[in-house]
Structure formats: C-alpha cells, structure tokens
Amino acid sequence: MAVTTPFSPEVRERAVRMVVEGLDEYPSQWAAVVSIAARLGMTPEVLFSWVRQAERELARPAVVFEQHRQLKALQREIQELRRKNESLMRASGEFAMTV
C-alpha cells in the first residue's frame, strides 16, 4: 500500500529547495531541516527524507536510468527471440523426421 502525504509535489519541491538554499544560514543540514519543517508544518523526519531522496536523484544522472531501461528492454527481447528460436528448432526437427 502506498503511503500518501498531505503535501503536494510543489510543496515538497519548495521545501527541499528551501533547505538546500538555506544551508549557509544554519550550523548543519539537520538544523536547517528542523527550522524549515517547523515553518511549513511538517515533521523534520519527513522533510529530511525528501532532502535525502533529492540528493540520491541528483547523484544518479538521468542517462543511467535511460540505459537501465534500454538494457531491460533488450534483455526481454533476447529472451523472446531465444524462445522463438527454440520453437523453430523443435519444429524443423519434427519436420525433418516426417520427410
């Protein structure tokens, strides 16, 4: 079951941006998260998890995701072609025995 949040994606984006842009004003990232979360009416843990997720997404370029998607598609295609090849080999063997 998916966890729903009362915050829209826009609020999430804004909150993360506020933390990232306000890091200079606080002694630590956690201090920034606590302060901004209080102002926005959310728990620091929620905002901190959003910040961590944003950091992970920035660390993995979109190219990696596209390459992963292409790799999976090619693997599925190879598997399908192998099944078809095996089926054709069986059919040709049966045909050769009847001739």
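The values are calculated or read from the model by the stated rules, or taken from the named source; none is laboratory data. As the structure is a computational prediction, the values presented were derived from the model and not from experiment. No Cβ is skipped: glycine too gets one built from the backbone with ideal geometry, and neighbour counts run over all protein chains shown.
Starting from residues that are out of contact with any helix residue (DSSP H, G or I) (no Cβ under 7 Å at 6 or more places or on another chain), surrounded by 10 or more Cβ atoms within 10 Å (Cβ to Cβ) and not hydroxyl-bearing (Ser, Thr, Tyr), keep the ones in the stretch 47-61 and report whichever is farthest from Gln29 (Cα to Cα).
It comes out as Pro61.
How many residues are of a type in the set (Asp, Glu) and at pLDDT 95 or above if we restrict to the stretch 14-51?
Residues in the stretch 14-51 being of a type in the set (Asp, Glu) and at pLDDT 95 or above: 1 in total.
Considering the stretch 19-51 alone, what residues qualify as being among the polar types (S, T, N, Q) and over 20 Å from Phe7 (Cα atoms)?
Within the stretch 19-51, Ser28, Gln29 meet the criteria.
Going by the conditions given, is Ser87 among the hydroxyl-bearing types (Ser, Thr, Tyr), over 23 Å from Pro9 (Cα atoms) and over 25 Å from the mean Cα position of the chain (by Cα)?
Yes, satisfied.
Within the group Val19, Val64, which residue is part of a helix (DSSP H, G or I) and either over 22 Å from the mean Cα position of the chain (by Cα) or surrounded by 12 or more Cβ atoms within 10 Å (Cβ to Cβ) (or both)?
Being part of a helix (DSSP H, G or I) and either over 22 Å from the mean Cα position of the chain (by Cα) or surrounded by 12 or more Cβ atoms within 10 Å (Cβ to Cβ) (or both) holds for just one of Val19, Val64, which is Val19.
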